[in-house]
Amino acid sequence: MKLLVSLLLAVNVALAIWIFTVDQTVPTDLKPILKPERPLALLSEREDVLNTEVEPIPSEEDKSPKISFVGAVCYGLGPFSEIDDVQEVVLGLADLGLEFERRYATRRELKGYWVYLPPFLSRTEARKMTKLLKSRGVKDFLIVPNGESENAISLGFFRTQSAAERHLANMQKLGLLPLLERNYAESSGFWLDFSSPKQPPLSSDAMEALQQQFEGIELLVRQCET
């Protein structure tokens, strides 16, 4: 028994001596897995973070369509040719809560600008002028057949005043004496006047449906009556 205890004691002593004699140094060629490019700093020390403005993420309410409410604006819807059409529209738009006022009016609208030579005494005189126009290189012209401007010679109809004035100047360079006149179109009918703070007062779908049903109508902003 004593021999066994002595043997175990000798083994433990030898093991302890071996552990303390083993090289405890760590290899110097090992590199860290992550090496920061610059020293780490607290968020409270980072000026670029503190001075950065963070944009808020829009909520679901921000995604809803916007409607402008700036104040009441006055409108006119028309023209309608028949009074029954007016009543039908008023009933169809009743759910919008609008108050309509009906009126009958003749509307004068600028359509364009007319360049022409004033009426000649006869068709024969007008034809003589067309020969002169051809000799000077003018190809686009027309003798007015009837009406207040009968036997006048039309030299062109233009949508803009600037284009009409340029053509007028070109004709004058040819030795002609043309005139420039605004051309208007008149339309009569019933109008529905109303005011609304909602802009636009009618949706695009509602307006499109009305224009398909009643050809030629439009929604115009008009001056409010006090």
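The values are calculated or read from the model by the stated rules, or taken from the named source; none is laboratory data. Quick caveat: nothing in here was measured; it's all calculated off a predicted structure. Backbone-built Cβ (ideal geometry, glycine too); neighbour counts: all protein chains shown.
See the values below:
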{"read-out": "Conditions (1) under 14 Å from L93 (Cβ atoms); (2) modelled with pLDDT of 95 or more; number of the one not met by L179", "value": "(1)"}
{"read-out": "Filter pass, E148 being part of a loop (DSSP other than H, G, I, E, B), exposed (fewer than 13 other Cβ atoms within 10 Å of the Cβ) and not basic (K, R)", "value": "yes"}
{"read-out": "When residues of region 186-205 are limited to those that are small (G, A, S) and either without any contact (Cβ under 8 Å) to a residue 24 or more places away in the chain or assigned to a loop (DSSP other than H, G, I, E, B) (or both), the one farthest from A72 (Cα to Cα)", "value": "S204"}
{"read-out": "Subset tally (residues that are surrounded by 10 or more Cβ atoms within 10 Å (Cβ to Cβ) and either in contact (Cβ under 8 Å) with a residue 24 or more places away in the chain or not in a loop (DSSP other than H, G, I, E, B) (or both)) for region 131-145", "value": "8"}
{"read-out": "Region 153-185: number of residues that are under 43 Å from the mean Cα position of the chain (by Cα), surrounded by 14 or more Cβ atoms within 10 Å (Cβ to Cβ) and in a loop (DSSP other than H, G, I, E, B)", "value": "1"}
{"read-out": "Residue that is surrounded by the most Cβ atoms within 10 Å (Cβ to Cβ) [pool: residues in region 90-130 that are free of Cβ contacts under 8 Å to residues at least 24 places away in the same chain and hydroxyl-bearing (S, T, Y)]", "value": "T130"}
